Amino acid sequence: MRHIAIVGSGPAGYYTAEAAAKTWGDEVRIDIFDRLPVPFGLIRTGVAPDHQSIKAVSRRYEKTALADNVRFIGNITIGRDIEIAELQSLYDALILATGAPADRTLPIEGTHLSNVFGSAAFVGWYNGHPAFAELEPDLAGKNAVVIGVGNVALDVARILSKTSAEFAGSDIVGHAFDRLAVSNLERITILGRRGPHEIQMTPKELGELLHLERATPQVDSSDLPPPSEDETLEPGQRKSVALLREFAETVADKPISIHFDFFANPVRLVETNGAVSGVEVEETRLEGERAVGTGRTYIVPADIVVTCIGYRSMPIPGVPFDEQAGRFTNENGRITDGLYCVGWAKRGPTGTIGTNRPDGYGVMERVATDIGNSGDKPGRAGFDVLAKERGLDIVTFRDWQEIEKAEAAAAREGAPREKFVDIEQMIAARGGPSA
Ligand SMILES: Cc1cc2nc3c(=O)[nH]c(=O)nc-3n(C[C@H](O)[C@H](O)[C@H](O)COP(=O)(O)OP(=O)(O)OC[C@H]3O[C@@H](n4cnc5c(N)ncnc54)[C@H](O)[C@@H]3O)c2cc1C
């Protein structure tokens, strides 16, 4: 019997568990740990609440989660409640699928000001991550600035601009729904250091901006390269740039404009009375792939700023960490003997949910080669003894199903669920301690 521990129950964790179950069938026991009492990582707390069809991928993980040889062990933080070395002594292989939950910080003056947020925090706030439930962004001003030109920036701009009616069928949490309903925003500026050809926004997500009830996307036509240059782009990117061209032709006849400001590098956040009031940007031009400053600056008014410039993994004591790359030091998923990583903890914050599948299968192939037929560790029985000694309050997958039922029962009309945003409430909703 092999005993595998996976830390993190997001897509990478579940695909890896699926691969382990396929590799060894009944000859493996898989324990999936998560620091939250609820599973699925960014499927729950990252993927936009108005994109329910994407969130539904978690149903696929249920098949793995409910298999007899797979266990979800929620409410346990590895590196705090249990040390890495302890898990290594119990399991034949330990795979870190802990994602990249921390914001990369923009290295400019003023990011400490109030009403400036990273996307992990801001998205976590509207998506019910307990760590960010208390964020209380102030949406009373007219101007928002979103820094970054990826799909997360699009999510943030779209959520900021939607009416309450447009959240029908979404699972945006109540505190965000209520606050957004009374927002005074009139202009959302998306800042990009480089040009339209360099965006990392996919056509489907970009196209949604054309169908918003009270917002219109806008692009300055002077920022667009000659149309003939689009022919060099790969088809998906060409579609995205075609949409930007459409935005340049769109009449701004709705109360909110979502304005793309290209060739604009933020150099400083401007303060008024301790809060952010603007973003000073330097105009840039492209030299090859690089944005180079021109020395000309201007101020974009900003009552709230959300930076969407990427994520970093969180170090865990005892695990080699690459500070520069912001992820665990690894060679193709292998960290050291018996210790591996997968998903965003391995690759950094790139790719879609689906990218984590081949990643999980690839890492499991390595594990299989490395541990072969050996498998003499105590595994889950050993963990259970340790958990009891330490008085750890574990949340199981069956408990999660009770929490899920309680969330569904609390949903506002038309919504699939009202997420608990407090860990104690989640635990209470399981209806009694786990067996
Ligand atoms: C805002 C946002 C929107 C996105 N939207 C989409 C989209 O629409 N479509 C798409 O294809 N992709 C989307 N993605 C990308 C997708 O979410 C990722 O590819 C995927 O979630 C990465 O999976 P992961 O398992 O590596 O990490 P995660 O999903 O982050 O899972 C990591 C898990 O590890 C747990 N954990 C962390 N540290 C510890 C610890 N010390 N002990 C125990 N547990 C721990 C966390 O609680 C979490 O559950 C989005 C990403 C973001 C940030």
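So which GluC sites (Glu not before Pro) in the stretch 219-323 pass both tests, a DSSP loop state and at most 15 other Cβ atoms within 10 Å of the Cβ?
Working: sites: E229, E231, E246, E249, E271, E280, E282, E283, E287, E289, E323; in loops: E289, E323.
Within the stretch 219-323, the qualifying GluC sites (Glu not before Pro) (loop, at most 15 other Cβ atoms within 10 Å) are E289, E323.
For V267, put the label point 7 Å out on the Cα→Cβ axis and report which residues of the stretch 109-144 keep their amide N under 17 Å from it.
109-111
Give me the lysines in straight-line cross-link reach of K377: C-alpha distance below 29 Å, same-chain residues under 8 apart excluded.
In chain and number order, the partners are K22, K63, K346, K388.
With every protein chain kept in the model, how would you rank I172, I108 by accessible area, 1.4 Å probe, largest at the top? Could the numbers behind the result be given before it?
On the way: I172 0, I108 30 Å².
The most accessible residue leads, giving I108, I172.
Between T329 and I299, what is the spin-label point distance in nm, taking each point 7 Å from the Cα along the Cα→C-beta axis?
Spacing of the two 7 Å Cα→Cβ label points: 4.5 nm.
May I ask which residue of I403, I43, G310 lies farthest towards the positive end of the charge dipole of the chain, with charges of +1 (Lys, Arg) and -1 (Asp, Glu) on Cβ and the Cα centre as origin?
Ranked along the dipole, the leading option is I403.
Have a look at I258, I316, I188 and tell me which one the Gaussian network model of the chain (Cα, springs below 10 Å) gives the largest fluctuation.
Top of the fluctuation ranking is I316.
Going by Cα centres, the stretch 1-35 and the stretch 352-422 are how many Å apart?
9
Considering amide H positions built from the backbone, and no H for Pro or chain starts, which residues 5 or more places from V28, or on another chain, come under 5 Å of its amide H?
Residues meeting the amide H criterion: R2.
On a full-extension model of 0.36 nm per residue, what is the gain between E365 and M314, subtracting their alpha-carbon distance, rounded to one decimal in nm? It would help to have the intermediate numbers written out before the result.
Values: separation 51, 0.36 × 51 = 18.36 nm, distance 2.54 nm.
The span from E365 to M314 would gain 15.8 nm if fully extended.
Considering the chain as a Gaussian network with a 10 Å cut-off on Cα pairs, which listed residue, A102, A411, A165, attains the greatest mean-square fluctuation?
Highest fluctuation among the options: A165.
Out of Q88, Q425, Q200, any idea which swings most in a Gaussian network model of the chain, alpha carbons joined below 10 Å?
Q425
Using a 1.4 Å probe on the protein heavy atoms only, what accessible surface does W344 show? Give it in Å² to the nearest 10.
Surface open to solvent at W344 totals about 50 Å².
Under Stokes-Einstein, with the Kirkwood radius over Cα pairs standing in for Rh, what whole-number D in µm²/s applies to the stretch 64-180 at 4 °C and 1.567 mPa s?
On the way: Rh = 17.5 Å.
Translational D for this selection: 74 µm²/s.
Leaving ligands and nucleic acids out of the surface, order H211, H175, H197 by accessible area at 1.4 Å, largest first. Show your work: numbers first, answer last.
Details: H211 145, H175 60, H197 35 Å².
Greatest to least solvent exposure: H211, H175, H197.
Which percent of the accessible heavy-atom area of the chain goes to carbon and sulfur, probe 1.4 angstrom? Kindly include the intermediate steps, with their values, before the conclusion.
Numbers: 9350 of 18620 Å².
Accessible surface attributable to carbon and sulfur in the chain totals 50 percent.
From the phi of every residue in the stretch 313-323, what ³J(HN,Hα) in whole Hz does the Karplus formula 6.51 cos²θ - 1.76 cosθ + 1.60 yield, where θ is phi - 60° and glycine or proline is x?
6, 9, x, 10, x, x, 10, x, 10, 8, 4
With r as the distance between the Cβ atoms of V251 and E229 and R0 = 22 Å, compute the FRET efficiency 1/(1 + (r/R0)^6) and round to 0.05. Provide the component values of the computation, followed by the final result.
On the way: r = 26 Å, r/R0 = 1.16.
Efficiency computed from Cβ-Cβ geometry: 0.30.
Cα centroid distance between the stretch 300-350 and the stretch 201-251, in Å?
Centre-to-centre distance over Cα atoms comes out at 31 Å.
Does the stretch 104-310 come out rounded, prolate or oblate by the C-alpha gyration tensor, with a ≥ b ≥ c the root eigenvalues, rounded set by a/c under 1.5 and, if not, prolate when a/b is larger than b/c and oblate if not? Each step should come with its number before you reach the end.
Details: a/c = 1.76, a/b = 1.24, b/c = 1.42.
In terms of gyration-tensor shape, oblate.
Can you compute 3J(HN,Hα) from phi for each residue in the stretch 233-239, using the Karplus curve 6.51 cos²θ - 1.76 cosθ + 1.60 with θ = phi - 60°, rounded to whole Hz and x for Gly and Pro?
Ordered by residue, 3J(HN,Hα) equals 7, 6, x, x, 5, 4, 5 Hz.
Could you tell me, in Å, what Rg and Dmax come out for the Cα atoms of the stretch 199-309?
15.5, 48
How much accessible surface area, in Å² rounded to 10, belongs to the heavy atoms of D178 with a 1.4 Å probe?
Near enough 100 Å² of accessible area.
Please report the antiparallel percentage of DSSP beta bridges with both residues in the stretch 104-310, rounded to the nearest 5.
Working: 17 of 42 bridges.
Close to 40 percent.
Given the rule -39500 (n - 2.57) for each run of at least 4 DSSP H residues, summed and divided by the residues of the chain, what is its mean residue ellipticity at 222 nm, to the nearest 500 deg cm²/dmol? List each step's numbers first, then the result.
Details: 15 runs with 135 residues, N = 435.
Helices in the chain give a 222 nm mean residue ellipticity of -9000 deg cm²/dmol.
In this model, which of K162/K419; K55/K254; K142/K162; K162/K204 are farther than 23 Å apart at the alpha-carbon? Can you show the working numbers first?
Details: K162/K419 20 Å; K55/K254 30 Å; K142/K162 15 Å; K162/K204 17 Å.
Where the Cα-Cα span goes over 23 Å, the pairs concerned are K55/K254.
Relative to 2.2 N^0.38 Å, what does the C-alpha radius of gyration of the stretch 109-174 come to as a ratio? Two decimals please. The partial results should precede the final answer.
Details: Rg = 12.2 Å, N = 66, 2.2 N^0.38 = 10.8 Å.
Rg over 2.2 N^0.38 Å, computed on Cα atoms: 1.13.
How far, in degrees from 0 to 90, does helix 380-390 lean away from the longest principal axis of the Cα atoms of the chain, to the nearest 10?
Computed tilt is about 80 degrees.
Output the direction-averaged projected area (hull surface divided by four) of the convex hull of the alpha-carbon atoms of the stretch 282-435, in nm². All intermediate terms of the calculation are to be shown ahead of the outcome.
Working: hull surface 66.2 nm².
Hull-based average projected area comes out at 16.6 nm².
Tell me, what HN-Hα J-couplings in whole Hz come from the Karplus equation 6.51 cos²θ - 1.76 cosθ + 1.60 at θ = phi - 60° for each residue of the stretch 165-182, using x for Gly and Pro?
Rounded to whole hertz, the list is 4, 6, 8, 4, x, 8, 10, 4, 6, x, 5, 7, 4, 5, 5, 5, 5, 10.
Please work out, to two decimal places, the log10 of the ratio I(q)/I(0) at q = 0.06, 0.07, 0.08 Å⁻¹ from a Debye calculation in which every Cα of the chain carries one identical scatterer.
So the normalised log intensities are -0.28, -0.37, -0.49.
Provide the FRET efficiency to the nearest 0.05 for the A181-I54 pair, computing r from the beta carbons and using R0 = 30 Å.
Numbers: r = 24 Å, r/R0 = 0.80.
Using R0 = 30 Å, I get an efficiency of 0.80.
Suppose a student asked you for the relative contact order of the chain, using Cα pairs under 8 Å spaced at least 6 residues apart; what percent would you report?
Values: 913 pairs, mean separation 103.1, N = 435.
Once normalised by length, the contact order is 24 percent.
When ligands, DNA and RNA are left out and all protein chains stay put, how many square angstrom of accessible area per residue does the chain have with a 1.4 Å probe?
Details: 18620 Å² over 435 residues.
Result: 43 Å² of accessible area for each residue.
What angle do you read, to the nearest 10 degrees and between 0 and 90, between the alpha-carbon axis of helix 397-409 and the longest principal axis of the chain?
Approximately 40 degrees, to the nearest 10.
Percent antiparallel among DSSP beta bridges with both residues in the chain, to the nearest 5? Intermediate results must be reported in sequence, preceding the final value.
Details: 25 of 69 bridges.
Of those bridges, close to 35 percent are antiparallel.
Could you order V251, V219 by accessible surface area, starting with the largest, using a probe radius of 1.4 Å?
Details: V251 105, V219 10 Å².
Result, largest first: V251, V219.
Take every Cα-Cα distance within the stretch 21-64, group them into 5 Å bins from 0 onward, and report for each bin the whole-number percent of pairs it holds.
Answer for the stretch 21-64: a P(r) of 5, 17, 22, 21, 16, 11, 5, 2, 0 percent.
The values are calculated or read from the model by the stated rules, or taken from the named source; none is laboratory data. Remember, it's a predicted structure, so these values are computed and weren't measured experimentally. Note that each Cβ is placed from the backbone with ideal geometry, even for glycine, and that neighbours are counted across all protein chains shown. Protein only, heavy atoms only, side chains kept; ligands, DNA and RNA dropped before computing areas. Shrake-Rupley method; radii C 1.70, N 1.55, O 1.52, S 1.80 Å.
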